[in-house]
Amino acid sequence: MARGSSTISKSAVWVLLSLLILGLGGFGVTNLSGNVQSIGRVGDQEIAIDTYARELQQEIRAIEAQTRQPLPLTEARDLGVDRAVLTRLVTTAALDHETASLGISVGDETVAQQIRDIPAFQGLSGGFDRNTYKFALDRAGLTEARFEQQLRRETARSALQGALLQGVAMPPLYGDTLINYVAERRDFSFIRLDATALSAPLPTPTEAQLQAYHDENQAKFTTPQQKTITYAWLSPEAMLDQIDVPEEALRSEYEARLDTYNTPERRLVERLGFADQAAAQTAADAIAAGATDFEALAAQRGLSLSDIDMGDVLPADLGVAAEAVFAAEAGAVVGPLDSPVGPALFRVNAVLAAQSTSFDEARDELRTELAIDRARRLIETRATEIDGLLAGGATLEELQSEAGMKVATINWSPEVTDGIAGFAGFRQAADAVTSEDFPTVEMLDDGGVFALRLDGVIAPQLQPLDSVRDAVVAGWQTQETTARLQVQAQALADQANAGTEFTALGQPVTREAGQTRQGFIPGVPRALLQQAFALETGGLAVVAGPAEAYVLRLDAILPPDTEDEAVAELAARLQAEADQAMTEDLFRALAADIQERVGITLDQAAINAVHANFQ
């Protein structure tokens, strides 16, 4: 007897449709012919050879769409794409076997209704159109019977999965444990000791100490591998003397930019609205009396300065308040004045004076900009000529005389960013170039072009002490300062452990409240926050930083702030992700159990035949 629901989820239908039609059409996969019809089976369910071919092609095309690079089958197999596709098809076949053995099926009426509801099969009238349906299936290389069979199987699989996995959820304790870890808070205090707190000045390092530091930190004083690269470069700036910009072009551009070169007087203004005139006047009087300020008033209303910032405004932006605001000096608060948000106080943060730049004053700037733009277009034309010279055997050095390019040699490494090495396009090319590559023309972000050649590779080299002496001295001083401050910090921690009040240790104390593991304290090493979450309440620790040390005391361990909307959203998301992970684990376990019970056979020769068809 057939079992199943007549209202299978539309998402299952759309997943199948996207896989079989929208995702497969136009990829150029042809049906494999011959006596071999499948690449294997799970129980009594075969895995069709052309299904494997289509899904493998689809997966490759999806990766190509993301990377925008062709993906040969050999590389796809190195990435494990073929194994992932095969695993997915084996799982599908296992579920098909199980639904068949359990007698789960879907009636013709349900399948017909699902097909009629699919927009891709509907005509101009909005109803199901058989010609559209047939065309879409033909485009995907499917017959109606084949598609309907697969739709029926997909619906049955969805019914099975839904019955087995419905209501699966991780215990709330799991989600609570996760959110406690992520959002638990700490209150702590710390003392920071820097070089000014040293109990005695650092001595001058001996030669032996410097040599020892140099030997122990060779990586710091070893040059990176470098590539000796010769390049030819043509930039827009290098062509400016070849570009003539007519006077009429300059004047036309100036007229087009009149709003830029001639700006009226403006004000940077913040506006704080009130419910009525009396409330606004009370606030204005309090500011005038020095009892409060503009920021405090905004904070009392639950507003940040960004909430009330109007930016730079013209008189037309302020309506009836314009005269008073534009008569005020920078820093003044005026009002109450009428505004679209009711009676308001206005604070003038800055006065932006009117600016007027004449054509003669703007001429040089305009000429440079227009000349660079024209130089870019000229370079686009010359790029083809330069490419032809290189293809004809011209060397980079010959491009200097034949194409007016700058030719130079640099020792390049990722740390080099001067000149042409500051362009991302050059850096990518320099990183990828090998001795077998021939120079080709490549573009730069500013419209320039270049070509390069690898002349050699310089291996990493340890720089001798004398050549990096200043850096070694600075490194030794930092290391020694840190070590001595750690000793002093530990002495303070010992005093605190012996009963001395933390605030009585003779050093300034900084307090932090409600910090989470993801918190950030400017100017403080990340290790301090990490250590705060490793201590018990009242515990002390010494944390080192570069040329500094900290004495840390944990004051309180606080639970997550459940009133914080962001924390509540995070808790819900973590619980949902945990539920989803458990569902996926159960699904994999189900598929594995079916496969183990009914057995899997794969025809490697048929699989190889599919792969050969991709070559």
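Taking every C-alpha pair closer than 8 Å and separated by at least 6 residues, the mean separation divided by the residue count of segment 265-353 gives a relative contact order of 48 percent.
When the chain is described by a simple charge dipole with +1 on each Lys and Arg Cβ and -1 on each Asp and Glu Cβ, the residue from P70, A289, T482 located farthest towards its positive end is P70. Each of Q226, T110, A208 was scored by the projection of its Cα onto the charge dipole of the chain, and the greatest displacement toward the positive side belongs to T110; charges sit on the C-beta of Lys, Arg, Asp and Glu. In units of the compact-protein estimate 2.2 N^0.38 Å, segment 134-258 shows a Cα radius of gyration of 2.68.
Taking all C-alpha pairs of segment 536-585, those more than 14 Å from each other amount to 71 percent. Scanning residues 5 or more positions from M310 or on other chains, those with amide H under 5 Å from its amide H are V269, E270, R271, with H placed 1.01 Å from N in the peptide plane.
From the P(r) of segment 265-353, can you give the percent of Cα pairs sitting at distances over 16 Å?
Numbers: 1864 of 3916 pairs.
In whole percent, the long-distance tail amounts to 48.
What is the helix-to-structure angle for 130-139, meaning the angle in degrees between its Cα long axis and the longest Cα principal axis of the chain, kept from 0 to 90 and rounded to the nearest 10? Between helix and principal axis, roughly 80 degrees. Each Lys and Arg adds +1 at its Cβ and each Asp and Glu adds -1 at its Cβ; summed about the Cα centre, segment 265-353 shows a dipole of about 40 debye.
Protection proxy ranking, highest mean first, for peptides 224-236, 397-409: 224-236, 397-409, where packing is the per-residue count of other beta-carbon atoms within 10 Å, averaged.
Read phi for every residue in segment 479-491 and hand back ³J(HN,Hα) as whole Hz from Karplus 6.51 cos²θ - 1.76 cosθ + 1.60, θ = phi - 60°, with x for Gly and Pro. Each residue of segment 479-491 in turn: 4, 5, 4, 4, 4, 5, 5, 5, 4, 5, 5, 5, 5 Hz.
Relative to the 2.2 N^0.38 Å rule of thumb, the chain has a C-alpha radius of gyration ratio of 1.44.
Taking other residues whose beta carbon is less than 15 angstrom from the beta carbon of T395, and scoring Lys, Arg as +1 and Asp, Glu as -1, yields -4.
Can you give the local net charge around T292? Use residues other than it whose beta-carbon is closer than 14 angstrom to its beta-carbon, Lys and Arg +1, Asp and Glu -1. Don't skip to the answer; put the middle values down first.
On the way: positive: R301, R347; negative: D285, D293, E295.
For residues surrounding T292, the net value is -1.
Using equal-weight Cα scatterers in the Debye expression, the normalised intensity of segment 405-464 in log10 at q = 0.18 Å⁻¹ is -0.66. Note on segment 433-565: Rg/Rh from Cα positions, Kirkwood definition for Rh, rounded to two decimals, is 1.26.
Using bins of 5 Å that start at zero, the share of Cα-Cα pairs per bin across segment 210-260 amounts to 4, 12, 9, 8, 9, 8, 6, 6, 6, 8, 7, 6, 7, 3, 0, in whole %.
Relative to the Cα centre, what is the charge dipole magnitude of the chain, using +1 at the beta carbon of each Lys and Arg, -1 at the beta carbon of each Asp and Glu, and rounding to the nearest 20 debye?
On the way: 47 positive and 89 negative charges, 410 e Å.
For this selection, approximately 1960 debye.
In plain terms, the bigger the Kirkwood radius, the slower the diffusion; for segment 40-130, with that radius from Cα pairs, at 25 °C and 0.890 mPa s, Stokes-Einstein puts D at 153 µm²/s.
No lab work stands behind these numbers, since they all come straight from the coordinates. In this text, all values refer to a predicted model and were calculated from it rather than measured experimentally. So basically every Cβ, Gly included, is an ideal-geometry build from the backbone, and we count neighbours across all protein chains shown.
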